[in-house]
1. Within region 63-77, restricting attention to residues that are more than 18 Å from N98 (Cα to Cα) and touching a strand residue (DSSP E or B) at 6+ places or on another chain (Cβ under 9 Å), which residue is surrounded by the most Cβ atoms within 10 Å (Cβ to Cβ)?
2. Of all residues in region 189-238 being among the aliphatic types (A, V, I, L, M) and touching a strand residue (DSSP E or B) at 6+ places or on another chain (Cβ under 8 Å), which is surrounded by the fewest Cβ atoms within 10 Å (Cβ to Cβ)?
3. Of all residues in region 158-167, how many are within 18 Å of A58 (Cβ to Cβ) and either part of a helix (DSSP H, G or I) or over 14 Å from the mean Cα position of the chain (by Cα) (or both)?
4. Give the residues of region 217-236 that are of a type outside the set (A, V, I, L, M) and either away from the ligand (no atom under 15 Å from the Cβ) or assigned to a helix (DSSP H, G or I) (or both), sorted by residue number.
5. So, of the residues in region 54-76 that are touching a residue at least 40 places away in the same chain (Cβ under 8 Å) and among the basic types (K, R), which turns out to be farthest from the ligand (Cβ to nearest atom)?
6. Taking region 172-187, which residues are closer than 19 Å to T71 by Cβ and outside any loop (DSSP other than H, G, I, E, B)?
7. Applying the selection to region 188-216, what residues are free of Cβ contacts under 8 Å to residues at least 40 places away in the same chain, in a loop (DSSP other than H, G, I, E, B), more than 15 Å from the ligand (Cβ to nearest atom) and not small (G, A, S)?
Amino acid sequence: MPVVVQKEKVGCLVDQLNFAEKVRRSLRLIGEAYEEYGSRLVVANSLGKDSCVVWHLAKRVSPDIRGFIVTTRFKPRETVEFMKQEVARHPELGVFRNDEPIPDELHRTDPDRCCDILKVKPTRQAIKEMNVACWVTGLRCTEGRTRAEFQEVEERDKGLIKLNPILIWREREVWQYLAIHQVPVNPLYAKGYRSLGCAPCSRISAGGDERAGRWVGTSKCGGECGIHTRPLKLDYQI
Ligand code: SF4
């Protein structure tokens, strides 16, 4: 994949590049990947602020770019409402959800397994059904301790490229972009949330770690649901 530089220390770019340079870099990353993968480039839209930026950037590259949303039975009411609005605005957003039975309180007793069933499985399903060769995420390296080592272009699963085009953006720059372009966001941000997930596993937090409010009180606190760390192709088993 001929996109920019893969091995550079992206951490340095967080402070070296200004906002406009970061926007141009992100557009270039998505544009070059779209040239290579065409309709097999698909945006993963979590309905969070970072996904809103990436989705908007992707639409600037081409209005034809598709996306998918993974939702769960535990999403907050506000997120479900926001999802419906987004899908009405963009019917090219596919929605994936796993409704298989799970034990009561699994999110508390074994959140890794809960996320694996409710989030990772439908992500695998989306990648399979949409025939994805390159998925695009809103992951950023300054979000928290678990996100510092990612690269802008990765191939964690053989044959499946992951593009993280806003990896070097700061939280402030995300909000700067959304304000400048008047992009609608999930109303939960107005209540103080900084990182959004399922209702039982998301709290309002403050401080340097944006993801500190996720899975509070469990071994997974401030961690990951698994879609960025678990295999997604795995012979397309779902
Ligand atoms: S965020 Fe919580 S409720 Fe949602 S899938 Fe993960 S553990 Fe389950």
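FYI, it's all coordinate maths here, none of it is from the lab. These numbers were taken from a predicted model, which means no experiment stands behind them. Backbone-built Cβ (ideal geometry, glycine too); neighbour counts: all protein chains shown.
1. Checking each candidate, the answer is I65.
2. In this case the residue turns out to be L234.
3. 2
4. P231, K233, D235, Y236
5. R66
6. Once the filter is applied, which keeps residues that are closer than 19 Å to T71 by Cβ and outside any loop (DSSP other than H, G, I, E, B), region 172-187 yields only P187.
7. Listed by number, the residues that qualify are R194, I204.
One line per residue, one yes/no per condition, for (1) more than 16 Å from the ligand (Cβ to nearest atom); (2) acidic (D, E); (3) surrounded by 17 or more Cβ atoms within 10 Å (Cβ to Cβ):
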| position | (1), (2), (3) |
| --- | --- |
| Q125 | no, no, yes |
| N131 | yes, no, no |
| R145 | yes, no, no |
| L167 | yes, no, yes |
| R170 | yes, no, yes |
| E173 | yes, yes, yes |
| N186 | no, no, yes |
